[in-house]
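The values are calculated or read from the model by the stated rules, or taken from the named source; none is laboratory data. These numbers come from a predicted model, not from an experiment. Cβ sites come from the backbone with ideal geometry, for glycine too, and all protein chains shown count toward neighbours.
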Amino acid sequence: MEKEVRVHSGIEGVDELISGGFPLDSLTLVTGTTGTGKTIMSAQFLYNGITKHNQPGVYISFEEPVENIKKNAARLGFDFAPLEAQGKVLFVRYDPFHVEDIYELIESSIRRIGAQRVAIDSVSALGLYVRDAPELRRIIYNISLLLRKLQCTSILVSEILPLQKSLSRFGVEEFVSDNIIVLYYIRTESQY
């Protein structure tokens with residue numbers, strides 16, 4: 001039996017928990033409530049891929065301005081500015097209100113820099129603009145097919161509401177993903 005190729009996240013403690021990294025060309029759902037670190041995990045996945053493994057990456061944001069993402073990442077030691085200048089990372093802010101050209105945007109961004117890693121943050125924002133549940137599911141499903149076709153190891157971020165029982169906002173993200181990472185808050189005694 002051939003050993004499965006793994007892509008190291010480079011995130012301390014994560015690779016040890018997931019058998020050495022993400023399966024090559026897989027789609028991993030990273031989900032959790034607001035503030036659990038989904039965006040930072042996605043940025044770190046791209047940063048480590050570029051700096052440690054020479055794997056270019058694309059970050060597609062449906063919500064937060066990319067300058068905020070880069071600024072917050074830089075505070076934690078992930079400075080994307082020189083990597084952008086070298087054409088190794090591409091940050092794209094996509095307005096989900098214009099969902100009709102989403103596939104072209106994703107594919108052209110990936111091909112432009114030969115990306116091997118992709119982070120899409122967050123598909124939850126699509127639900128604010130696409131009110132038809134079957135259409136939303138179709139879009140998310142087609143994004144997953146596109147990422148696989150382009151042979152990218154990808155993170156798909158979805159937000160869940162506090163006390164929500166499902167793993168994703170729309171109940172489809174976990175079914176199109178190969179892997180799922182759920183991030184939680186754990187309160188300690190020192191917190192009120």
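What are the residues in region 15-47 that are surrounded by fewer than 21 Cβ atoms within 10 Å (Cβ to Cβ) and polar (S, T, N, Q), if any?
S19, S26, T33, T34, T36
Kindly indicate the residue of region 24-39 that is β-branched (V, I, T) and in a strand (DSSP E or B) and also nearest to Y184 (Cα to Cα) among those meeting that condition.
Of everything passing the filter in region 24-39, T31 is nearest to Y184 (Cα to Cα).
Taking region 157-191 as the search range and keeping residues that are outside any loop (DSSP other than H, G, I, E, B) and among the β-branched types (V, I, T), which one is modelled with the highest pLDDT?
Selected residue: V157.
Look at R131 and say whether it is more than 19 Å from K38 (Cα to Cα), among the basic types (K, R) and modelled with pLDDT under 90.
Yes: the conditions hold for R131.
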